[in-house]
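What follows is a single structure, written as structure tokens, with notes after it.
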There are 2 protein chains.
Amino acid sequence: MGFSASIEKLIEEFEKLPSIGHKTAVRLAFYILNSSEADCEEFANTIMNTRKNLKYCSICNNITDSDPCPICSNTKRNKEVICVVEDVRDIVQIERTHEYNGVYHVLNGVISPMNGIGPNDIKLKELMTRIGNDDVKEVILATNPNVEGEATAMYISKLVKPFNIKTTRIAHGIPIGGDLEYTDEVTLAKALENRTEL
Amino acid sequence: MGFSASIEKLIEEFEKLPSIGHKTAVRLAFYILNSSEADCEEFANTIMNTRKNLKYCSICNNITDSDPCPICSNTKRNKEVICVVEDVRDIVQIERTHEYNGVYHVLNGVISPMNGIGPNDIKLKELMTRIGNDDVKEVILATNPNVEGEATAMYISKLVKPFNIKTTRIAHGIPIGGDLEYTDEVTLAKALENRTEL
């Protein structure tokens, strides 16, 4: 005999979540069973409502409560620079630096032929429309520094070329606080190649 | 700028769960946002319904879908032996051994004066009622082998004594597959003390 059927169902639901194994799922399920009915209802409602009311910014494809999103509707942001990212979470990461004052474009993925994701499966057309219509001076390609991210960045840079717009890629190199001893050779080669004069 | 308010709320709800830190909460929240609305609704409904329909066995206090629970209503189980456990999860663990054929009693906690939990805060009265009314031959005390669990076991054994019922405590010793070198001295002392003749 295991747990009762209803608890097994709850455990199963938790197990579907990423990075949650069976033991953690059991712990979470029992946390739910031991918490008050009101807390439980709030948790369930938040899950349902957030998913149901999910809205994307019609300009940059950012997840937002109001359309356009706070960044696109902010008149103080420089609309001439578009930073292209893979995911909404990347926007939050870049915003945290407080160094960027342009706007964003979320691709919602990267080109990945291995996974059957082509240029038409990500928000590339929308990006090209923005570049064609708006007065864009620079496109920063901030996709991840892996195979798919690099390929996507290369692909976009070729598409942007005819528009005569400056296209840049975020720098690769040794992370601040990193250690040369533990840096892989590709990163180190990039760091040497892109050395800056002091 | 962080995430939109509704996402922040969802992240916060996930952060309330045990063993879920901020980064995992963000990952879980985005998993929810990326899954289908139907899956989301099922997840939310399971949480709400399982909590709402939570039922305890009127005999042993086990969580169950039907009252009495499958163990208490099973005529093949030996009702003369009651195994006392702290938590519903312990029943599942013991059932997994396939070695026990008696019934259970869930205390729903242990006596812990430090946390303000006294004998009246756990299901002790119910246990004594069962012992008084039913034809019980043995009470197995299977609380955890820590300070509170030991104290609770001692407390119960004193309460049971006047009934002239055999009271036993699960054995302490070196776990199977364990290593003497890494066994703490209290466990090793117990293992020596409770050695069995071959």
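Structure above, values below:
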read-out: Cβ-based charge dipole, the protein assembly as shown, positive-most Cα from A:ASN115, B:ILE131, B:ILE176; value: B:ILE131
read-out: Angle in degrees between helix A:22-34 and the longest Cα principal axis of chain A, rounded to the nearest 10; value: 60
read-out: Inter-copy spacing of A:GLY21 label points, which lie 7 Å from Cα along Cα→Cβ, given in nm from shortest upward; value: 1.7
read-out: Amide H contacts under 5 Å for A:CYS83, placed H, 5+ residues apart; value: A:VAL103, A:TYR104, A:HIS105, A:ILE140
read-out: Assigned charges on the beta-carbon of Lys, Arg, Asp, Glu; the protein assembly as shown dipole about Cα centre (debye); value: 600
read-out: Under-5 Å amide H pairs with B:ILE117, H placed in peptide plane, nonlocal only; value: B:SER112
read-out: J(HN,Hα) series, the stretch A:191-198, from Karplus relation 6.51 cos²θ - 1.76 cosθ + 1.60, nearest Hz, glycine and proline x; value: 5, 5, 4, 9, 4, 10, 7, 9
read-out: Accessible carbon and sulfur surface of the stretch A:5-53 relative to its total accessible area, %, 1.4 Å; value: 46
read-out: Rotation relating B and A, chain A residue nearest the axis via C-beta, angstrom; value: A:ALA44, 2
read-out: Cβ-placed point charges (K, R +1; D, E -1), dipole of chain A about Cα centre in debye, nearest 20; value: 660
read-out: 22 Å Cα-Cα reach of A:LYS161 towards lysines, excluding residues that sit fewer than 8 places from it in its own chain; value: A:LYS79, A:LYS123, A:LYS125, A:LYS137
read-out: Local electrostatic count, A:VAL106, Cβ distance below 9 Å [Lys/Arg +1, Asp/Glu -1]; value: -2
read-out: Percent RCO, i.e. relative contact order, over the stretch B:69-198, from Cα pairs under 8 Å lying at least 6 residues apart; value: 22
read-out: Angle in degrees between helix B:124-133 and the longest Cα principal axis of chain B, rounded to the nearest 10; value: 40
read-out: Candidate aspartates and glutamates for bridging to B:LYS52, where Cα separation is under 14 Å - those fewer than 8 sequence places away on the same chain excluded; value: A:GLU37, A:ASP39, A:GLU41, A:GLU42, B:ASP65
read-out: A:ARG89 accessible area, 1.4 Å probe, all protein chains in place, Å² to nearest 10; value: 70
read-out: Magnitude of the charge dipole, the stretch B:5-53, Cβ model with Lys/Arg +1 and Asp/Glu -1, debye to 20; value: 220
read-out: Crossing angle, helix A:5-15 versus chain A [Cα axis fit, 0-90 degrees, rounded to tens]; value: 20
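The values are calculated or read from the model by the stated rules, or taken from the named source; none is laboratory data. In this text, all values refer to a predicted model and were calculated from it rather than measured experimentally. With ideal geometry, Cβ positions are generated from the backbone for all residues, glycine too; neighbour counts draw on all protein chains shown. When the accessible area is computed, the model is the full protein with side chains, heavy atoms only, and any ligands, DNA or RNA have been set aside. Shrake-Rupley method; radii C 1.70, N 1.55, O 1.52, S 1.80 Å.
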